[in-house]
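No lab work stands behind these numbers, since they all come straight from the coordinates. This structure is a prediction, so every number in the text was calculated from the model and none was measured. For neighbour counting, all protein chains shown are included, and Cβ atoms are generated from backbone atoms with ideal geometry for every residue, glycine included.
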Amino acid sequence: VTALAPLGQQMAPYACQRRTPLLHSNQPLTEALETLAEEAGFSGSEGRSLAFTRAASVLKALPGRLSALEELGPLPGIGEHSRRVIQDVLEDGVSVEVERVKLSERYRTMKLFTKIFGVGVRTASRWYQEGLRTLLDLQERNTKLTRQQQAGLRHYDDLNTPVERGEAESVGRTVQEAVQRFLPGASVTLAGGFRRGKPRGHDVDLLLTHPEAGREAGLLSRLVSWLDSQGLILYQHSQENSFALCEGPEPPGSRDVLDRFERCFSIFRLEAQGGPGAARGWKAVRVDLVVAPVSQFPFALLGWTGSRHFERELRRFASHERKMVLNSHALYDTMRKRFLPAASEEEIFQHLGLEYVPPGQRNA
Ligand code: DCP
Ligand code: MG
């Protein structure tokens, strides 16, 4: 019997240097680690959360099912705590720590609240501290809610029912048809998880652009007004483009502002295509519309295809290994002090000196 090479032997340290398919063989392990990552995020421990996310991401890229911890070898990015969790799940089928988290009142309440559109960890945590535990509590105690959160609560069940690919494509067609009325030649691209091959997701991410620079200006407000007049919009708030290329991209590490495109966060009223909304005739679906000038489109597409962890790793790789700043608008070389233009995602990978990773392999 020849000794098997450790499964993780060839594993590159950054997720953007690896191929991570949608389906992998270590689901129970990644689920356990991602629960702990989520819980750490709920407690504001971003570093701990990232460590668990990294470990899960490494397992997703393994070529086969892990049956013993030793097979991992000296893998990058899997710390002590993660190894313990992996070992527990491998030996006992579950990790006691993970099961305890899943049953804890705090985790369950935080999950319930953060699933409301417009509610982040900070708000959910405050509500928890104030003793709120259910959606009914929010209503009965007259908790102050933003307009966005009110819409989120009103459509809670629909928005937490996965969007099927067919529904996402239908939204895409509706937007495409509407866009043609105002700006013939403009394109609508389905990004996010669906572009990575996911069969369902939590929202529909659509990128709009036009092949002639500048023609896209003003498109979003006209588009949204029209959709609204057709009764297709249940909620929307738009944000103007606040990105000026001459400012240069954000310094590395400045987080939170994902990008500054003209953008609309909305809830669509989608005609039901079977499923839970069928009896009522429609279903509420979260849709993000983002408008990118054509020169920034490849960066926007790369930035909006995800996964979140893949994006984070791309930016970390760019800054630590290449002294470049990557965001959804541009790539900036801080040594040569210049922007590196790109006409395709492939060219961005080339600039970074990375092997091209197709969307279906970015499920890190
Ligand atoms: N994105 C990101 N960082 C964020 C938010 C988003 O890099 N803080 C990028 C990567 C995501 C994409 O935008 O893939 C879309 O965000 P979603 O939250 O919609 O994520 P997905 O589409 O990947 O998942 P889902 O299927 O849940 O919609
Ligand atoms: Mg999405």
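Observations, loosely collected:
- For the chain, the relative contact order is 17 percent, taking Cα pairs closer than 8 Å that sit 6 or more residues apart in sequence and dividing their mean separation by the residue count.
- Computed magnitude of the charge dipole of the chain (debye, nearest 20; Cβ of K, R +1, Cβ of D, E -1): 400 debye
- Taking the Cα centre of the stretch 96-210 as reference, the dipole from Cβ charges on Lys and Arg (+1) and Asp and Glu (-1) amounts to some 300 debye.
- On the beta carbon distance between LYS144 and HIS81, with R0 = 30 Å, the FRET formula returns roughly 0.20.
- Mean residue ellipticity (222 nm) of the chain, computed from DSSP H runs ≥ 4 via -39,500 (n - 2.57), nearest 500: -12500 deg cm²/dmol
- Counting 0.36 nm for each residue step from GLN239 to SER43 and taking away their Cα separation leaves a gain of 67.6 nm.
- Rg in Å to one decimal, and Dmax rounded to a whole Å, for the chain via C-alpha atoms: 21.8, 70
- Compared with the direct C-alpha span, the chain from ARG316 to SER225 gains 28.9 nm at full extension, assuming 0.36 nm per residue.
- Between amide H atoms placed 1.01 Å from N, distances below 5 Å from ILE233 occur with ARG269, all of them 5 or more places distant or on a separate chain.
- The stretch 48-179 shape via C-alpha gyration tensor axes, a/c threshold 1.5: oblate
- Largest-first principal axis extents, alpha carbons of the stretch 112-160, Å: 27, 21, 17
- The alpha-carbon atoms of the stretch 269-324 define a convex hull whose volume equals 106 cubic angstrom per residue.
- GNM flexibility winner over the chain from VAL188, VAL96, VAL171 (Cα, springs under 10 Å): VAL96
- Per residue, the average separation of C-alpha pairs within less than 8 Å and at least 6 apart gives the stretch 1-111 a relative contact order of 34 percent.
- Listed by chain and number, the lysines whose C-alpha is less than 30 Å from the C-alpha of LYS60, apart from same-chain residues fewer than 8 away, are LYS102, LYS111, LYS115, LYS198, LYS323.
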